1. Under the Karplus relation 6.51 cos²θ - 1.76 cosθ + 1.60, θ = phi - 60°, what is the ordered set of whole-Hz ³J(HN,Hα) values for the stretch 188-196, x standing for Gly and Pro?
2. When the chain is treated as a GNM, springs tying every alpha-carbon pair under 10 Å, which of Arg142, Arg230, Arg90 comes out with the largest mean-square fluctuation?
3. Which whole-Hz ³J(HN,Hα) couplings does the stretch 76-86 yield from phi under the Karplus relation 6.51 cos²θ - 1.76 cosθ + 1.60, θ = phi - 60°, glycine and proline marked x?
4. Search the structure for amide H atoms under 5 Å from the amide H of His219, placed 1.01 Å from N in the peptide plane, and list their residues when 5 or more places away or on another chain.
5. Based on DSSP H runs of at least 4 residues, each adding -39500 (n - 2.57), what is the mean residue ellipticity at 222 nm of the chain after dividing by all its residues, to the nearest 500 deg cm²/dmol?
6. Pick from Gly200, Gly59, Gly109: which residue has the top mean-square fluctuation in a GNM of the chain where Cα pairs under 10 Å get a spring?
7. At a 1.4 Å probe radius, carbon and sulfur cover how many percent of the accessible area of the stretch 147-238?
8. Taking 0.36 nm per intervening residue step and subtracting the Cα-Cα distance, what contour gain separates Arg90 from Gln197 on full extension?
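The values are calculated or read from the model by the stated rules, or taken from the named source; none is laboratory data. Keep in mind it's a predicted model, so treat the numbers as computed, not measured. Cβ sites come from the backbone with ideal geometry, for glycine too, and all protein chains shown count toward neighbours. All accessible areas refer to the heavy atoms of the entire protein, side chains included, with ligands and DNA or RNA removed. Shrake-Rupley method; radii C 1.70, N 1.55, O 1.52, S 1.80 Å.
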Amino acid sequence: MTLTRRRAVTAGTGLVLALAATPAAALPRGNKRMRTLYVAGDSTAAQKYADAAPETGWGMALPFFLHEDVTVANHAVNGRSTKSFIDEGRLTAILEVIRPGDLLLIQFGHNDEKAGDPTRYTEPWTTYQDNLCRYVDGARERGALPVLATPVERRRFDAGGAALRTHGEYPAAMRQVAQEEGVALLDVQEQSLALWQELGPETTKTYFNWTATEQDNTHFNPPGAIAVARLIAAGLLHTHALAPGDTRRIDEEVPAPWITWPDSEES
């Protein structure tokens, strides 16, 4: 399938296009300002609160790997897909405030897969891709840099201890959008799968939200969130979405107690 996308560009948007085509790391640094990395995603990335601890979204750990002049605005929300995030106005809310030089990191897939829920389901090679392009186009039209990230893998192993892929065709569909649209891609699915394979079935339990009362193979605890955030920060550096001076601690320990949970969403 060949993607056919039409970009609505007027004669007055030349500066926006030039900025959109330039990696954020390459933007002029003379008048340095705080830049914002916006996260659009689901529960694997989302902010968690005290009533959900120790569950931890990787977006909570990402700031530990970024320099202080790159602020993380985590808009990820539990249970959202590319479709429901748009339908609820959450993409619009980001696009109303995102500025030239900012980044929009987009990771969806877990809930797009839910075929029984028409409010969230998307078909990988049509509506999922169309939605991803809405995020990409929206960021570029505002001079921001879109970055696509394939969905992080769940903890699932076969009887022989091999880590399994669980996201069907969605990661491949995202890779195609990234290639044909010229968007930086973080292949978090493959990187997390390799990490879970390296750690094995038992050790990975200490990275996911396994507690005395719950065996959650999708969501992370602090060590898991830190590990995934490290993969994402390293990917942002590798793809030149961020410059070396924008990242920190890529190869250093980040202690799990650095993760904290606010009392409530209003806190």
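1. 5, 4, 5, 5, 5, 4, 5, 5, 5
2. Looking only at Arg142, Arg230, Arg90, the largest GNM fluctuation is found for Arg90.
3. For the stretch 76-86, the Karplus-derived couplings read 4, 9, 3, x, 8, 10, 4, 6, 5, 4, 6 Hz, x marking Gly and Pro.
4. Asn209
5. -9000 deg cm²/dmol
6. Looking only at Gly200, Gly59, Gly109, the biggest GNM fluctuation is shown by Gly200.
7. The nonpolar share, carbon plus sulfur, comes to 50 percent.
8. 35.1 nm
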